[in-house]
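Novice: Once you've had a glance at the structure underneath, I'll fire off some questions.
Each value in this text was obtained by applying a stated rule to the coordinates, not by laboratory testing. Since we're looking at a predicted model, the values are computed, not measured. Neighbour counts are summed over all protein chains in view; Cβ atoms, including those assigned to glycine, are modelled from backbone coordinates with ideal geometry.
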Amino acid sequence: MKTGLILEGGAMRGIYTAGVLDVLMEHRIAADGVIGVSAGAIHGCNYVSGQQGRSIRYYKKYARDPRFLSFRSLLKTGNMVDTDFCYRELPCALDPFDNEAFRNARIPFYVVCTNVDTGAAEYILLDDLMAQIDYLRASASMPLAARTVRINGRRYLDGGVADSVPVRAFEEMGYGRNIVVLTRPADYVKFSENNPLLRLRYAGYPAFRRAMARRHIVYNQTMDLIARRVREGTAFVIRPRSALPIGRTETDPEKIEAVYRMGRADAESRMAALRAWL
């Protein structure tokens, strides 16, 4: 039975996931495949390439750089993160991503994107991250905070709109048991955003609007599914014990590192149980 690693998104909450992944790497916990959504994909690629510590290193170093994340960038470019800086300059020059190690790892790595025209989730296999980095960018492009990403004639946005935690999808791909890293505590319940700006901005995309309207329903149903899988023994969950003290657009390096440390601590506390489950 193949073991998968499923990584929820959550914008800057994703640095919690980076802490979990660094501990998994330290303990040589290997998955047969990885699937990430939004920030989960951003940090999950470092797990595949074996670059322990890379996420927290560049997050702390560039968190306050307006090109990394800022409303100034949003007003200037239409993207809260500067595309050229975050997806070209940073991984190619400032803190290089080891694309060769990623390709040679032979660990299937999927990112989840939401097709804006159909409103459906698409699960994209990346075998060369730098050549396919626009899919990574699309997965992490939050509605209202980013422009639609066009790839091969299709329009994409945040994978979390259609499938925030792709457990069922990974099971259908053959991953019969899964380590699931979440960025919300067990008592979290998602409610409808009911944001008029979302309806106005995506008025021309009815399927995407329907996916956004159902997002909270799908999310809560997925949490119920994960709970059943845990009882059945086919899922192992690592998640925060309480709500993370960080916002989606946090730029304070100290707060970012604190949440990273929470991820590390939770992963370490669950390591004996994880080894037994494996």
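Novice: Do you know the relative contact order of the stretch 61-101, to the nearest whole percent, from alpha carbon pairs under 8 angstrom that are 6+ apart?
Specialist: So the answer I get is 25 percent.
Novice: Related question: If you take every DSSP beta bridge fully contained in the chain, what fraction is antiparallel? Give it as a percent rounded to 5.
Specialist: Bridges in the chain are about 40 percent antiparallel.
Novice: For the stretch 195-240, what is the convex hull (Cα atoms) projected area averaged across all directions, in square nanometres?
Specialist: Its Cα hull, projected and averaged over all orientations, spans 4.5 nm².
Novice: Taking a spot 7 Å from the Cα of residue 168 along the direction of its beta carbon, which residues of the stretch 104-139 have an amide N less than 16 Å from it?
Specialist: Answer for the stretch 104-139: 119-123.
Novice: Below 8 Å, C-alpha to C-alpha, sequence gap of six or more: please give me the relative contact order for the stretch 1-117 in percent.
Specialist: RCO, the stretch 1-117: 29 percent.
Novice: Moving on to the next point. May I have the count of lysine pairs in the chain with C-alpha atoms under 25 Å apart, counting pairs 8 or more residues apart or located on different chains?
Specialist: Eligible lysine pairs with Cα atoms under 25 Å apart amount to 5.
Novice: Compute the Rg to Rh ratio over the stretch 47-92 from the alpha carbon atoms, using the Kirkwood formula for Rh, and round to two decimal places.
Specialist: Answer for the stretch 47-92: 1.04.
Novice: Label 7 Å along Cα→Cβ of residue 117; the stretch 192-210 residues with amide nitrogen under 14 Å?
Specialist: Within reach of a label on residue 117, which here means backbone N under 14 Å from a point 7 Å along Cα→Cβ, the stretch 192-210 contributes 205-208.
Novice: Count charges around residue 276 for me, please; just the other residues with Cβ under 14 Å from its Cβ, Lys/Arg as +1, Asp/Glu as -1.
Specialist: Here the charged neighbours net out to +3.
Novice: Another question, then. Packing-wise, with mean Cβ within 10 Å as the measure, how do 134-140, 144-150 rank, highest first?
Specialist: The packing order, highest mean first, is 134-140, 144-150.
Novice: Then there is this: Summing +1 for each Lys or Arg and -1 for each Asp or Glu, what net charge is found among the other residues whose Cβ lies under 13 Å from the Cβ of residue 247?
Specialist: Result for the neighbourhood of residue 247: +1.
Novice: In a solvent-free Debye calculation with one equal scatterer on each Cα, what is log10 I(q)/I(0) for the stretch 1-141 at q = 0.11, 0.21 Å⁻¹, listed in the order of the q values?
Specialist: Taking Cα atoms of the stretch 1-141 as identical point scatterers yields -0.38, -1.43.
Novice: I would also like to ask the following. Just report the Cα centroid separation between the stretch 53-107 and the stretch 263-277, whole Å.
Specialist: 29 Å
Novice: Quick one: work out the % antiparallel among DSSP beta bridges in the stretch 1-148, nearest 5.
Specialist: 45 percent
Novice: For the stretch 27-75, compute the orientation-averaged projected area of the C-alpha convex hull (one quarter of its surface), in nm².
Specialist: Over all viewing directions, the stretch 27-75 projects a mean Cα-hull area of 4.3 nm².
Novice: Here is a further query. With contacts defined as alpha carbon pairs under 8 Å and 6 or more residues apart, what's the relative contact order of the chain in percent?
Specialist: It comes to 27 percent, rounded to a whole number.
Novice: A follow-up question, please. To the nearest µm²/s, what D does Stokes-Einstein give for the chain at 37 °C and 0.692 mPa s, using the Kirkwood radius over alpha carbon pairs as Rh?
Specialist: 176 µm²/s
Novice: Suppose the chain between residue 231 and residue 2 were pulled fully straight at 0.36 nm per residue; how much longer would it get relative to their current alpha carbon spacing?
Specialist: Here the segment from residue 231 to residue 2 would lengthen by 80.6 nm.
Novice: Scaled to the compact-protein estimate 2.2 N^0.38 Å, what is the alpha-carbon radius of gyration of the stretch 113-168, rounded to two decimal places?
Specialist: 1.04
Novice: How much FRET efficiency would the formula 1/(1 + (r/R0)^6) give for residue 154 and residue 92, where r is the Cβ-Cβ distance and R0 is 22 Å, rounded to 0.05?
Specialist: Once the sixth-power term is evaluated, E becomes 0.30.
Novice: Find how much the distance from residue 242 to residue 189 grows on full extension, using 0.36 nm per residue of separation minus their present alpha carbon separation; answer in nm with one decimal.
Specialist: 17.8 nm
Novice: Rounded to the nearest 0.05, what FRET efficiency do residue 77 and residue 203 have when you use their Cβ-Cβ distance and R0 = 30 Å?
Specialist: Approximately 0.85, to the nearest 0.05.
Novice: Here's a follow-up. Give the whole-number value, in cubic angstrom per residue, of the convex hull volume spanned by the C-alpha atoms of the stretch 179-271.
Specialist: Taking the convex hull of the Cα positions in the stretch 179-271, it is 123 Å³ per residue.
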